[in-house]
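Below: the structure, in structure tokens.
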Amino acid sequence: MTPARSRDSRDSFDAVVIGAGIVGAACAYYLARAGLRVAVADRGAVASGTTGAGEGNILISDKEPGPELALAQLSQRLWRELGDELGPGAELDPKGGLVVAAGPAEHAGLREFAAAQAQAGVTAQAVPPGELPGLEPHLASGLAGGVFYPEDMQVQPMMAAALLLRRARDLGAELRLRHEVTGFETAAGRVTGVRTSAGLLSTGLAVNAAGTWAGQIAERAGLSLPVLPRRGFIVVTEALPVLIRHKVYTADYVANVASGSAGLEVSTVIEGTASGTVLIGASRERVGFDRSSSLRIVGMLAAQAARLFPVLARARAIRFYRGFRPYCPDHLPVIGADDRLAGLMHACGHEGAGVGLAPATGQLIAQLAAGQEPSLPVDPFRPGRFAEAVYG
Amino acid sequence: MAEQVAITVDGAEWSVAAGITIAAAFTERGQPGWRRTRLRGEPRGVSCGIGVCFDCLVTVNGTPGVRACLAEVRPGDVISSENGSSFADDQSVPEPAPAPTVDRCDVAVVGAGPAGLTAAVAAADAGCAVQVLDLGERPGGQYWRWGPATADGRFHHGWAAFTALRERFDAHRAGGQIIYRPGHAVFQLQPPPEATTASAFRVHAVAGDRERDYASVLAQAVVVATGAYDLQLPVPGWTLPGVMAAGAAQSLLKSSAVTAGHRVVVAGTGPFLLPVAVGLAQAGARVVAVVEAGQPLDYLRHPAGLAASWRKLPEAGGYLARLARHRVPVLRRHAAIAARGDGRLESVTVARLDQVGRPVPGTERTLAADVLAAGYGFVPQVELLGEAGAQLSGGAQPASPVAVAGPDQQTTVPGLFAAGETTGIGGSDLARAEGEIAGRAAARFVGRPVAPPPRAVVRERAALRRFAAIMQAVHPVPSGWTHWPADDTIVCRCEEVTLGRLRAAAALGADDARSIKLLARPGMGWCQGRICGPPVAALLAAGLSEPTAERAGHPAASGLSRPLAQPVPLGVLARLAALDDPAETEAASAEDAAGARPDHEGKM
């Protein structure tokens, strides 16, 4: 902690990952697995940002064909490997996702969306209304049907991040908690170190995995990065017997995820967890980092949940919480080297899909750091695209 | 002498005294445990005794999740014990449907204990339209908890003061100045939206028969007097039926004239243990021992403060004399470090403590007992205040903050007042002094001409606060208690999280209340960490594992937020979707308030 000590070799690393959330943990894990000496610095504790406020979704179902779907499919494969490696504590559950439609037109739209996904290799099964009770016995009657996605999974996000970090530590990584990154040391246009509230970490590679706060980290390198917060509330019930078997959401969820609106959008997303609670989402609004409670939104989530699963009307909510999704204007994450500063990479901006997309992001970062061919084209995710959008 | 009512419990016909609580009915029947936990299938019974811990849940007439410690038996009740989840997948249960009630008033008071009742009466005296919302079924709070079997006050202290206060309270109710709403579980207190001129707080509550309806009150000012609950420490066996908070044994007696058991060990620290033990002994229980972790002779080190509150001394002396008369041994600098039994408490292990509170090896003794009533001080209930934006600070225990209040009991939120234990633990006399000051100040805030509180009340508040500070200094929670639990001891009762699991989470990098909650689930259950929060904070501070990360700076303080201060059925929560835009609500409430005012002003 003294200035003299910061020059020690013990504070010198091949890579410094900024952020101990799920994306930072995955980056640290794959970098350490590639043989790099890694430090993870976070101003808070493990999973103390958006990871700790999420549901742990690993979704294919809500992605339209394109670069994000490809990233999700790669991540899906990696999560299955990680599930074995991290053990039962991560609560990886290949439960499948069910998207339901209220009316026939909506159902047709869903099926059309699914057909396009199937072209891209997604397994999607149209579910006629009569078969809905077989999948979800407590679902409201009168729905027009749905589409079932057996590949959708869920994980306990905080435990997954903590276990990934432990695996990284087993591979030699070091965890520096309550180390707030205050700036970067550079020489000849290259990163030579990451300054923290507790001293300098010397490194030639900094990975910005600060999630919703990644824009602020970029600013500390004098660079702009348009990662913005998109607030969401989740209502949590008392522990219940298993009433809801899959991740169940309504068709408007996909539209809201892809929407650029700053106004409030509320769709219905419901799922049980291994601990018995039922998580009820999802609201989206761009109100900065406003942490105040909105009982109206919480009420809307409760009302929609009770409409989709009438049995839940009698279940008690015991808490709700809010989180801030890291959102980019084009809804794609930022993955790769920043052309403006050598030695700085970004791994952020995953909006509500960070848990699902974390392993693929970590693997791509490790491959790029090693100068290897990445598993899939990273061009759509490159940090420079925002500047081009402005000037082009 | 007492009237009997017939109820059905798990298929058996019981005849019990009218108006006692369901928990008291089980206790009287010699059945201290009735619920089985979800994960381990362990038996649980009454623990906090005042509606905070949710360990005593039963299903009543088809409604699951009813707190047996709060609900009174009614003729014909069909009660069943719960196994695992409290949720009944029973389509026959009616949906909550009644129309929501929205009321407007000048001053809303949350809590009907000594502070709340006094504040309500003071505000009503000043001409305010007052609404009192309280979780309990009768006015009095926990301190003056009573029922048909105890209406003579024989188990109570300060009963004459309560009777006098209740007369004034009832007179205001009869005159329409106070509207009293018992059985209202206030789950959130919304401060007025910023930048609106006609400001009103909105008090949200679950109400109605067995908590199925929604009620909302709009108020120009709010007094929060939600009291406190016992701090219990997790020791091996503390989840056994028969082990309960000292306040729980007290509430069984005060509400229902039922003694918690036959052979009782009273343990913990603080002067509150003495009246608990005396009450139980007078009611016929055999008090095996009073086990006090502190060394009360330390009072002598604080003569100045004692002089300021000399009245308390003869009171304590009186309790000790009565304990001696009942031949109750008082063990000082001892603690109940473990509870044992098969399905219910059978014995308590007590040990002498060293200077920091660790058990001295070789001093353990086993006392046969069917009740362990334990309390290591109190935790203020400040959820509503914190969530409404009022500044909280420190407090006597870790993770037990109190509301910051000014000389007029106003919090840092204008128009929001706190009185009684929410501003710091100090007992019922202090609560009444603060309630008097808060009630008048709230009346002044809403524009009533009101005289400042009598100087005697202000002096009384100062003297009692000095005395409270001394009590806390003399009766600290022994820091060495963290050596009492073992790795397999449950720390979080709701989620059945053991100390071992906390250690495992710490080894993964958890180092504060939030991160350990996220990784090991303490505080994620029904009570939202009210019971385990302070112990978990102390365990974290004592160190749960070898360091696994280099840390600079300090873990965030407590940081636990409880946005829902009470569980809320989703069908009730759904009503809030219809809440108007805040600005519109304000405009409407301003008009209504203007319309409603003259009625009250006419009485001035």
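The values are calculated or read from the model by the stated rules, or taken from the named source; none is laboratory data. Since this is a predicted model, take the numbers as computed values, not measurements. Here Cβ is always computed from backbone atoms with ideal geometry, including for glycine, and neighbour counts include all displayed protein chains.
Descriptive notes on the structure:
- Top-ranked residue in the stretch B:479-497 [being in contact with an Asp or Glu (Cβ under 9 Å, 6 or more places away or on another chain) and crowded, with 20+ Cβ neighbours inside 10 Å; ranked as nearest to B:V350 (Cα to Cα)]: B:I490
- Residues of the stretch B:322-365 classified as of a type in the set (V, I, T), in a strand (DSSP E or B) and in contact with a helix residue (DSSP H, G or I) (Cβ under 8 Å, 6 or more places away or on another chain), total: 1
- The residue of the stretch B:366-378 that is modelled with the lowest pLDDT, among those that are among the small types (G, A, S) and not in a strand (DSSP E or B), is B:G377.
- Verdict on B:G553 being at pLDDT below 95, buried (at least 22 other Cβ atoms within 10 Å of the Cβ) and either more than 24 Å from the chain's Cα centre (by Cα) or within 13 Å of chain A (Cβ to nearest Cβ) (or both): no
- Listed by first and then second residue, the pairs linking a residue in the stretch B:30-45 that is at negative phi and assigned by TED's automatic domain parsing to the domain that holds B:T59 to a residue that is hydroxyl-bearing (S, T, Y) and buried (at least 21 other Cβ atoms within 10 Å of the Cβ), with Cβ atoms under 7 Å apart and 6 or more places separating them unless they lie on different chains, are B:E42/B:T239; B:R44/B:T239.
- A:S375 being small (G, A, S) and either assigned by TED's automatic domain parsing to the domain that holds A:S283 or at pLDDT below 95 (or both): no
One line per residue, one yes/no per condition, for (1) free of Cβ contacts under 8 Å to residues at least 60 places away in the same chain; (2) surrounded by 22 or more Cβ atoms within 10 Å (Cβ to Cβ); (3) part of a helix (DSSP H, G or I):
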| site | (1), (2), (3) |
| --- | --- |
| A:G134 | yes, no, yes |
| A:H138 | no, no, no |
| A:L143 | yes, no, no |
| A:M158 | no, yes, yes |
| A:A161 | no, yes, yes |
| A:R166 | yes, no, yes |
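- Taking the criterion of being surrounded by fewer than 19 Cβ atoms within 10 Å (Cβ to Cβ) and more than 17 Å from A:T250 (Cβ to Cβ), the residues of the stretch A:108-127 that qualify are A:A115, A:A116, A:A118, A:Q119, A:A120, A:G121, A:T123, A:Q125.
- Residue under evaluation A:P137, criteria (1) within 14 Å of chain B (Cβ to nearest Cβ); (2) within 30 Å of A:Y29 (Cβ to Cβ), criterion not met: (2)
- Taking the criterion of being in contact (Cβ under 8 Å) with a residue 60 or more places away in the chain and under 23 Å from A:L71 (Cβ atoms), the residues of the stretch A:99-122 that qualify are A:V99, A:L110, A:F113, A:V122.
- Residue within the stretch B:24-43 that is crowded, with 22+ Cβ neighbours inside 10 Å, of a type in the set (S, T, Y) and at pLDDT below 95 present: no
- Some residue of the stretch A:351-362 being farther than 30 Å from A:T192 by Cβ, in contact (Cβ under 8 Å) with a residue 24 or more places away in the chain, within 14 Å of chain B (Cβ to nearest Cβ) and not aromatic (F, W, Y): yes
- Scoring B:G153 on the criteria (1) of a type outside the set (D, E); (2) within 25 Å of B:P567 (Cβ to Cβ); (3) surrounded by fewer than 22 Cβ atoms within 10 Å (Cβ to Cβ) leaves a single failure, condition (2).
- The residue pairs whose first member lies in the stretch B:180-194 and is within 11 Å of chain A (Cβ to nearest Cβ), whose second member is among the β-branched types (V, I, T) and surrounded by fewer than 23 Cβ atoms within 10 Å (Cβ to Cβ), and whose beta carbons are closer than 6 Å, counting only pairs six or more residues apart or on different chains, are B:P191/B:V413.
- Total residues in the stretch B:348-377, condition closer than 14 Å to B:G237 by Cβ, of a type in the set (S, T, Y) and surrounded by fewer than 19 Cβ atoms within 10 Å (Cβ to Cβ): 1
- Helices (runs of 4 or more DSSP H) contained in the stretch B:425-515 and holding at least 1 residues within 14 Å of chain A (Cβ to nearest Cβ): B:499-507
- Test: A:A124 is within 14 Å of chain B (Cβ to nearest Cβ) and at pLDDT 95 or above: no
- Filter pass, B:Q381 being buried (at least 21 other Cβ atoms within 10 Å of the Cβ), modelled with pLDDT of 95 or more and touching a Ser or Thr at 6+ places or on another chain (Cβ under 6 Å): yes
- Set A:A239, A:A255, A:A262: member being in a loop (DSSP other than H, G, I, E, B), at pLDDT below 95 and surrounded by fewer than 17 Cβ atoms within 10 Å (Cβ to Cβ): A:A262
- Qualifying residue in the stretch B:596-604 (condition: modelled with pLDDT under 90 and at the interface with another protein chain (Cβ under 9 Å from one of its Cβ atoms)): no
- Single residue of the stretch A:181-221 satisfying the filter (touching a residue at least 24 places away in the same chain (Cβ under 8 Å), farther than 25 Å from A:L364 by Cα and not in a strand (DSSP E or B)) that is farthest from the other protein chains (Cβ to nearest Cβ): A:S197
- Any chance B:A486 is without any contact (Cβ under 8 Å) to a residue 40 or more places away in the chain and on the phi < 0 side of the Ramachandran plot: no
- The single condition among (1) within 19 Å of A:Y249 (Cα to Cα); (2) over 22 Å from the mean Cα position of the chain (by Cα) that A:F320 does not satisfy is (2).
- Within the stretch B:516-539, the set of residues being within 11 Å of another protein chain (Cβ to nearest Cβ) and in a helix (DSSP H, G or I) comprises B:I516, B:K517, B:L518, B:L519, B:A520.
- One residue from B:G247, B:G237, B:G242, B:G268 being under 18 Å from the mean Cα position of the chain (by Cα) and at positive phi: B:G268
- Yes/no for A:A209 being over 20 Å from the mean Cα position of the chain (by Cα) and surrounded by 18 or more Cβ atoms within 10 Å (Cβ to Cβ): no
- Residue within the stretch A:26-43 that is among the acidic types (D, E) and under 26 Å from A:G215 (Cα atoms) present: yes
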